[in-house]
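Asker: What follows is a structure written as structure tokens; I'll ask about it next.
The values are calculated or read from the model by the stated rules, or taken from the named source; none is laboratory data. Every value quoted in this text rests on a predicted model; they were computed, and no experiment measured them. Because the Cβ atoms are built from the backbone with ideal geometry, glycine has one as well, and the counts that use them run over all protein chains shown.
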């Protein structure tokens, strides 16, 4: 995939326009940015496209990856959904306690050693949500290829998980929007 670029070459990210430096390392490429990707993603405005009136369907996005949060936030805004975001499960649960939420999109692997509040993964977050007796449907996202293995486990039904989306494909956010519309019954 990266074979067309030279070692040390700087390219621009299609999504955030940040400069990305590629460095060859034993046949692989190391990708780096001039500043942390979280800072780049947080500085970007929400891309609403040509969206008109926003439908008040607050969707909570819980993901430790700032770029993934930004992609989902942009995709939902383009489809007239309002969103709230949290970078860890603790923030997400705090928002659920204070806001009306219609759907949760949560990453399966939320634990981030750089964030002292990231003490739970996506499954633990969903269990705590279930313990709160809130009947909020959830979509689980993951960057791993484990979806086929985990999707059939009955515990996900008990945690009100309605869909699984594998991140990584250039079109995963589009697939997520389709699932959000199905769950919330929106055209």
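Asker: Filter the range 102-119 down to residues that are assigned to a loop (DSSP other than H, G, I, E, B) and under 16 Å from the mean Cα position of the chain (by Cα) and give me whichever is farthest from residue 166 (Cα to Cα).
Answerer: Here is the first cut: in the range 102-119, the ones assigned to a loop (DSSP other than H, G, I, E, B) are 102, 108-119.
Next, from what is left, pick out any that are under 16 Å from the mean Cα position of the chain (by Cα): 108-112, 118.
On the way: 108: 10, 109: 12, 110: 15, 111: 18, 112: 19, 118: 21 Å.
Applying the filter and picking the extreme gives 118.
Asker: Looking only at the range 63-83, decide whether some residue is touching a strand residue (DSSP E or B) at 6+ places or on another chain (Cβ under 7 Å), at pLDDT 65 or above and surrounded by fewer than 12 Cβ atoms within 10 Å (Cβ to Cβ).
Answerer: There is no residue in the range 63-83 that is touching a strand residue (DSSP E or B) at 6+ places or on another chain (Cβ under 7 Å), at pLDDT 65 or above and surrounded by fewer than 12 Cβ atoms within 10 Å (Cβ to Cβ).
Asker: Test residue 124 against the criterion of being surrounded by fewer than 17 Cβ atoms within 10 Å (Cβ to Cβ), under 15 Å from residue 58 (Cβ atoms) and either modelled with pLDDT of 90 or more or under 16 Å from the mean Cα position of the chain (by Cα) (or both), and give yes or no.
Answerer: Considered against the rule, which asks whether it is surrounded by fewer than 17 Cβ atoms within 10 Å (Cβ to Cβ), under 15 Å from residue 58 (Cβ atoms) and either modelled with pLDDT of 90 or more or under 16 Å from the mean Cα position of the chain (by Cα) (or both), residue 124 comes out as no.
Asker: Kindly indicate which of 97, 153 is at pLDDT below 95 and in a loop (DSSP other than H, G, I, E, B). Before the answer, list the steps.
Answerer: Values: 97 fails: in a loop (DSSP other than H, G, I, E, B).
Sole residue among the options that is at pLDDT below 95 and in a loop (DSSP other than H, G, I, E, B): 153.
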